[in-house]
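The values are calculated or read from the model by the stated rules, or taken from the named source; none is laboratory data. Every value quoted in this text rests on a predicted model; they were computed, and no experiment measured them. A quick note on method: Cβ atoms are made from the backbone with ideal geometry, for glycine too, and the neighbour counts reach across all protein chains shown.
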Amino acid sequence: MHELPVVQSLLEITLEHAARHHARRVVALNLVIGQLSSIVDDCVQFYWDILARDTMAQGARLHFRRVPARFRCRDCGADFALDESRLLCPGCGGFHLQLLQGDEFRLESIDIEEETTSSLQAMAKTESRFQKNL
Ligand SMILES: [Zn+2]
């Protein structure tokens, strides 16, 4: 259940961001989960529902976007997507591989409803990044 501290950080960042932009409430969070990330979206949702209760972020929807794992071969330089049946370079058969993406869990953007209007506002983007072992 290592999602708990991750969700705590997520909520902190979200509330900070919401306060800075004078949000009335947080509508949605857009999250990215790499194929190799150990983060489980249902667990994130579970903790979120508990932790965000009675905050400005209560009821915010969590959108998860999955990104595939990609590797680069250190021997021949080929870039390729993960083939779970074998972890070898499809170009040269090498196994000196560098992970390019796929183990991340990050917050891509936050959708907020601003104080000054009654309708949903253009959404502020945040650059906040998460390490998966937060
Ligand atoms: Zn190769």
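Results, tabulated for the structure shown:
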read-out	value
Breaking point among (1) of a type outside the set (Phe, Trp, Tyr); (2) in a loop (DSSP other than H, G, I, E, B); (3) modelled with pLDDT of 80 or more; (4) loosely packed, with under 14 Cβ neighbours inside 10 Å, for Gln131	(3)
Residues of the range 28-38 that turn out to be surrounded by fewer than 18 Cβ atoms within 10 Å (Cβ to Cβ) and either farther than 30 Å from Ala81 by Cβ or polar (S, T, N, Q) (or both), as a count	2
Residues being buried (at least 16 other Cβ atoms within 10 Å of the Cβ) and part of a strand (DSSP E or B) - total across the range 83-100	1
Every pair of residues 6+ apart whose Cβ atoms lie under 9 Å, when the first sits in the range 74-93 and is in contact (Cβ under 8 Å) with a residue 24 or more places away in the chain while the second is near the ligand (Cβ under 10 Å from one of its atoms) and part of a loop (DSSP other than H, G, I, E, B)	Arg74/Cys89; Arg74/Gly94; Arg74/His96
Options Phe46, Phe64, Phe80; residue that is at pLDDT 90 or above, outside any loop (DSSP other than H, G, I, E, B) and within 16 Å of the ligand (Cβ to nearest atom)	Phe80
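Per-residue answers, yes or no, for (1) surrounded by 15 or more Cβ atoms within 10 Å (Cβ to Cβ); (2) more than 13 Å from the chain's Cα centre (by Cα):
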site: Val40; (1), (2): no, no
site: Val44; (1), (2): yes, no
site: Arg72; (1), (2): yes, yes
site: Asp103; (1), (2): yes, no
